[in-house]
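Report on the structure given below.
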Amino acid sequence: MAAPTEAQNIKITLANGEPSTHGAKRTLALFPTARPGGFNGPRKKLLSAPTLNPGVLSEMGRQLVVALYVVAMAAIIIVVDVSFFRNHFWERLTANIGIVLVFAAFYWIFLKDRF
């Protein structure tokens with residue numbers, strides 16, 4: 001017997017007679033916003049970026065600036081140690097203390113109140 005060449009009209013009966021609640025159109029709401037008209041009311045947005053407290057952002061920004069500042073200071077100390085004071089312990093220690101004091105003074109004068 002050959003395969004049918006015309007479309008067959010076949011209806012499959014579900015186990016329960018109710019229609020499926022899963023439609024063909026599905027949306028993903030990662031960060032759903034409140035709907036003013038209730039659950040089935042009009043939608044503002046389906047996806048929105050998460051919001052952070054401004055205090056959290058300023059704290060994160062301050063920590064990032066301080067971390068980058070400390071990394072820059074450590075890099076300058078290492079470059080100066082390797083380049084100029086390789087075998088001179090006391091001179092290296094004095095230069096390192098001086099660099100730390102210059103960075104600390106610069107931070108206290110210019111950056112402390114901004115971050």
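Since every read-out is calculated from the coordinates, none of them should be taken as a lab result. From a predicted model like this one, the values you see are computed outputs, not experimental measurements. All Cβ positions, glycine included, derive from the backbone under ideal geometry; neighbour counts span all protein chains shown.
In segment 82-93 there is no residue that is part of a helix (DSSP H, G or I), in contact (Cβ under 8 Å) with a residue 40 or more places away in the chain and not aromatic (Phe, Trp, Tyr).
Give the residue that is nearest to VAL82 (Cα to Cα), with candidates limited to residues of segment 98-109 that are surrounded by 11 or more Cβ atoms within 10 Å (Cβ to Cβ) and under 36 Å from the mean Cα position of the chain (by Cα). In this case the residue turns out to be ILE99.
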